[in-house]
Structures are given as structure tokens and as C-alpha cells.
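> A single structure is presented below for examination.
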Amino acid sequence: MSDADGEERDPGAVIQASLSTILRWSTRADNRRTLQDAGGAALTSTDAWLLEHIATSGPHRMSALAEWLSVDRSTMSTEVRRLEEAGLVERTADPSDGRAVLVTATPEGVEALKLHLQAAHEVYSTLVGKWNEHDRTELARLLERFVHEFSWVTDAISRHNAGR
């Protein structure tokens, strides 16, 4: 990979710097507000990630959500409580084990997620709006591939560490 002066640049360094910039941009208060839906759900990135997981893959036990998010159960309880107080999820008894609780997205949660994702899609489409179709498609393809790779590696490390 070469820069504007023709000097070789390490791809790992370019990826790291780029992701760092994207993270800083996406966590700025004004950009976070832009990514929130007009309906006022005010989902944080963690809220949206968790709500999307619950909404798309069905009811989950708190322990399974904690494991999926790689947090302890008390942290998950706090996350779910915030979503529950906003009316975005509900807890119900697990019919297969009355001691366990299932977390399910409410219709309001599904709608809030839909609005949040729509707003985010519009922001990202605008950011690459001047790019040609091939470049937009290629960026999407490479990002999806990159996420798949680091997800696989992260999952493999978690499985290895759990076996210790």
C-alpha cells in the first residue's frame, strides 16, 4: 500500500489508524445524536447492538446475553434494565425453567431499532454518496469480510480461554 508520495505503508498500521479515526468520529456527541433515531429512542451503540441481537435472534436468557456480550451478569442486568425501562425489551419467566428469565424485544423496541438503523444507514450512505457504485460495493464487501475475520478470531480466543 502506497501513500500519496509513493512511500510504502504497512496495511496493519493503515487499518489501525483508520479504525481509530472511525471510532473517535462515531463516539463524538454530535455524531452519536445524528445516528440516533428521530423518534428519540436515543440508543447507544451498545443498546442498538444488544437490541438488534435480541430482536433478530429471539428471546434469550440473561446468562446467554452476558456471554454473547462478554460481560458479567450484573453488567447485563444493568444493560437490560435500561432497555426495559425505555419499554424496548421485556423480561418473562422461561417456560422451560421458572428460575430463569427470558429477554424479548417489545414491538416498541423493534420499531426503535428500525428507526435507529434507518438513520444510521442514511448517514453512512451519505458519507460514501459521492463514491461510484463499484467502490461503495467493494467497501461494503471488504468491511463485511473484515468483521467476519475478526469475529471468528475473537470467538476462537474466547473458546480457548473458556477451556482454561
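> Just name the residue that is nearest to R61 (Cα to Cα) out of those in the range 91-113 that are within 20 Å of the chain's Cα centre (by Cα) and assigned to a strand (DSSP E or B).
My answer is V103.
> While we're on this one: Conditions first: (1) surrounded by fewer than 18 Cβ atoms within 10 Å (Cβ to Cβ); (2) touching a helix residue (DSSP H, G or I) at 6+ places or on another chain (Cβ under 7 Å); (3) under 19 Å from L115 (Cα atoms). S57 passes all but one, so which condition is the exception?
Answer for S57: the failing condition is (2).
> With the checklist (1) within 26 Å of D30 (Cβ to Cβ); (2) of a type outside the set (F, W, Y); (3) outside any helix (DSSP H, G or I) in hand, flag the one item Q118 doesn't pass.
(3)
> Right, here's the next one. Could you run through the range 1-37 and say how many residues are within 19 Å of the chain's Cα centre (by Cα), of a type in the set (G, A, S) and at pLDDT below 90?
Matching residues across the range 1-37 total 2.
> Separate question: Can you tell me which residue in the range 123-152 is modelled with the highest pLDDT, limited to those that are part of a helix (DSSP H, G or I) and among the small types (G, A, S)?
A140
> Given the conditions (1) over 15 Å from the mean Cα position of the chain (by Cα); (2) surrounded by 13 or more Cβ atoms within 10 Å (Cβ to Cβ); (3) within 26 Å of W25 (Cα to Cα), and given that G87 satisfies all but one, which numbered condition is not satisfied?
(3)
> For the structure I just gave you, tell me whether A48 is of a type outside the set (S, T, N, Q), in a helix (DSSP H, G or I), modelled with pLDDT of 75 or more and over 16 Å from the mean Cα position of the chain (by Cα).
The answer is no for A48.
> One residue is enough: does the range 54-67 have a residue meeting the conditions free of Cβ contacts under 8 Å to residues at least 40 places away in the same chain, closer than 25 Å to S151 by Cβ and over 17 Å from the mean Cα position of the chain (by Cα)?
Filtering the range 54-67 for residues free of Cβ contacts under 8 Å to residues at least 40 places away in the same chain gives 56-57, 63-67.
Subset that is closer than 25 Å to S151 by Cβ: 56-57, 63-67.
With over 17 Å from the mean Cα position of the chain (by Cα) added as a condition, the list becomes 63.
There is at least one residue in the range 54-67 that is free of Cβ contacts under 8 Å to residues at least 40 places away in the same chain, closer than 25 Å to S151 by Cβ and over 17 Å from the mean Cα position of the chain (by Cα).
> Give the residue that is surrounded by the most Cβ atoms within 10 Å (Cβ to Cβ), with candidates limited to residues of the range 116-135 that are closer than 20 Å to E79 by Cβ and of a type outside the set (G, A, S). Spell out how you get there, then give the answer.
As a first pass, look at the range 116-135 and keep what is closer than 20 Å to E79 by Cβ: 116-117, 120.
Subsequent filtering for residues that are of a type outside the set (G, A, S) retains 116-117.
On the way: H116: 23, L117: 16.
Going through the qualifying residues, I end up with H116.
> I'd like to check something: does the range 73-81 contain any residue that is in contact (Cβ under 8 Å) with a residue 40 or more places away in the chain, among the hydroxyl-bearing types (S, T, Y) and surrounded by fewer than 11 Cβ atoms within 10 Å (Cβ to Cβ)? Break it down stepwise before answering.
Narrowing the range 73-81 to residues in contact (Cβ under 8 Å) with a residue 40 or more places away in the chain: none.
Within the range 73-81, none of the residues are in contact (Cβ under 8 Å) with a residue 40 or more places away in the chain, among the hydroxyl-bearing types (S, T, Y) and surrounded by fewer than 11 Cβ atoms within 10 Å (Cβ to Cβ).
> If I ask for residues that are without any contact (Cβ under 8 Å) to a residue 12 or more places away in the chain, closer than 20 Å to M76 by Cβ and in contact with a strand residue (DSSP E or B) (Cβ under 9 Å, 6 or more places away or on another chain), which ones from the range 92-115 would you list?
Within the range 92-115, A93, D97, R99 qualify.
The values are calculated or read from the model by the stated rules, or taken from the named source; none is laboratory data. Remember, it's a predicted structure, so these values are computed and weren't measured experimentally. Neighbour counts run over all protein chains shown; Cβ positions are idealised from the backbone, glycine included.
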